[in-house]
Amino acid sequence: LDRVSSIAAKYIGRPISQLPPVQPVHLSSLDFRMASFDGYGVGAGPSLDLDLLPGSSSSMPNLPFQPVVISDMDKSLMSDIAANAMEELLRLLQTNEPLWIKSTNDGKDVLNLESYERIFPKPNNTHFKSPNIRVEASRDSGVVIMNGLALVNMFMDSNKWVELFPTIVSIAKTIEVISPGMLGTHSGSLQLMYEELQVLSPLVPTREFYTLRYCQQIEQGLWAIVNVSYDLPQFASQCRSHRLPSGCLIQDMPNGYSKVTWLEHVEIEDKTPIHRLYRDLVHSGSAFGAERWLTTLQRMCERFACLMVSSTSTRDLGGVIPSPEGKRSMMKLAQRMVNSFCTSVGTSNSHRSTTLSGSNEVGVRVTVHKSSDPGQPNGIVLSAATTFWLPVSPQNVFNFFKDERTRPQWDVLSNGNAVQEVAHIANGSHPGNCISVLRVSSDKKKEPFSDDVPFT
C-alpha cells in the first residue's frame, strides 16, 4: 500500500489524502518483482523505472482518433466500399467449397487463399509494405439467446458494442454517421468507427481499426452487418491492422433466438514478435477469431437473459439480495466489475503505461488512468498486471479460484480467514457462470476489519 500510494502521488502531483500517511519512498529505487518464463523456472526481474512513462504527471492521454471532416466525395466512396464489402461478406458466409475447406486437425473452416484471391482479386495484395504480414481468416456459427433486431440495435451502437464484448473490445467510438438507415431496422445504416481489440494479457498488443460498419436487412428476419477498414490519410500511420470484409449474418429463429454466422478476416503487421506464451494462440487466429467473438456473444446474451428473468435461481443465505431488483442491481455491479477488470488487464493505447519485459521474461505492465465512469469514485487508478504459465489445466485453475474453500490460499484480503458464499446468482447455462457474494469472518488478532466483510 505504501509503494502504490507513493507511485500514485507521483502521477497526481500531490499526496493522496484518502490514504494513510506513508514514509517517503525514493522512486528511482522502487522495483516490481516479477516471474520469468524460462523453462518452468521463476526468477526476479530488474527494477521498473516509472519515469519511462511519457508525458507530464498531470496530463492524461488523448484517445487515438481525432474529429474529421468528411466530404461528399468521401461519403460516396465509403458507400461504394461498403456495398462491395457486403457482397463479399455474404458470399464468404454462404459459400463452402472452394472458398472454405475443413481443417483435418480440428474440423474448423479454413479459408482457401488461392480460391479467395481468384474470386475476389485485389489491385494490391497487401495494405502494408512489410515482410511481417499475416492473414487471419476464420468462420463460425451458433445459436444466440436474443432476437435478430435486438442484436442489430446493439451492434450498431458503439457503446453497447463495448458492453457486449468487454473481453475483446477495449474502445469503440462512432466517428461519423454516413447514413442513418431506415428507422427501426438500421437497414442501410453506414458508420465510420474506431475500435481497439484486446486479449486479456499485458503480453499481447492491441489491434486498432478504423472501419466502415454497414447494416443491411436482406429479407424479413435476416440481417447482415459488415466491417471493412477505411484508410483516411490521417489514420494511415496509426493502424498496422487492416480488416478485410468481416462481420456476421443474423437470422431470426421461431423461438426468439437467432442463428449467427460470424466471419473475421484481417491483415496484421507484426512489428514486434508475439511473446511465446501467446504466439500459437495469436498466429492460429484463435485470439481474435470468429469462434471467440461468437462464444463471447453467446455468453453475454445468456447473462442478459438471466438479468431479465426474475425467477432465475438465486441462493441467498445471508439476506444480501432481498428482492428481484436487488438481484438485477447485483448483476449490473458484477458486469461493471468485469468491465473495470478488462480495462486494467489489457494493453489499451488510451492508458498511459510502461512495460518491463525481455526475451526470457514475462513483463509487468503498469497503467494509470482517470476514473470517471458512473457508479465509480472519481480519481486516478493505478494498476499492475502480468501473465505467467502454470503446468495445470485451465479447468483446475478455474475450480481453484471459484471455490470459496480455497480462497484463503490466494486472496490477501481474506488474510487466511474462512470464506463463506452467502449469495449465489446463476447467470449462464454453465455452472461456472455465476455471481457470488462472499463473507470473510475476520480474526481480530490478525486484521482490523469488522466481522462479516462482504466481497463480490
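Residues in the stretch 397-410 carry Karplus couplings, in order, of 5, 4, 4, 5, 6, 8, 7, 5, 6, 9, 4, x, 6, 10 Hz; the curve used is 6.51 cos²θ - 1.76 cosθ + 1.60 with θ = phi - 60°, and Gly or Pro positions show x. When each of the peptides 206-216, 323-333 is scored by how many other beta carbons lie within 10 Å of its residues on average, the order from highest to lowest is 206-216, 323-333.
In debye, nearest 20, what is the charge dipole magnitude of the stretch 95-236 about its Cα centre with +1 on Lys and Arg Cβ and -1 on Asp and Glu Cβ, if you could check?
Approximately 160 debye in magnitude.
Over all other residues within a Cβ to Cβ distance under 11 Å of S141, the charged ones net out to -1, with Lys and Arg as +1 and Asp and Glu as -1. Taking one quarter of the surface of the convex hull spanned by the alpha-carbon atoms of the stretch 72-308 gives a direction-averaged projected area of 13.8 nm². Within the accessible area of the stretch 67-189, the carbon and sulfur atoms contribute 52%, probe 1.4 Å, all protein chains present.
I need to check one value: relative contact order of the stretch 72-308, counting alpha carbon pairs closer than 8 Å and at least 6 residues apart, in percent. All intermediate terms of the calculation are to be shown ahead of the outcome.
Values: 448 pairs, mean separation 56.6, N = 237.
Reported relative contact order: 24 percent.
When peptides 219-225, 166-172 are ranked by their average number of other Cβ atoms within 10 Å per residue, the highest-first order is 166-172, 219-225. Quick one: which of K102/K259; K259/K327; K122/K370; K271/K370; K173/K402; K271/K402 span more than 32 angstrom between C-alpha atoms? Table pairs above 32 Å Cα-Cα are K122/K370; K173/K402; K271/K402. In terms of the mean number of neighbouring beta-carbon atoms within 10 Å, the peptides 365-371, 424-430, 116-122 order highest first as 365-371, 424-430, 116-122.
If you find the alpha carbon centre of the stretch 190-236 and of the stretch 262-324, how far apart are they in angstrom? Value for the Cα centre distance between the two parts: 18 Å.
The values are calculated or read from the model by the stated rules, or taken from the named source; none is laboratory data. Since we're looking at a predicted model, the values are computed, not measured. All Cβ positions, even for glycine, are placed from backbone atoms using ideal geometry, and neighbour counts span all protein chains on display. Only protein heavy atoms, including side chains, enter the accessible area calculation; ligands, DNA and RNA are left aside. Shrake-Rupley method; radii C 1.70, N 1.55, O 1.52, S 1.80 Å.
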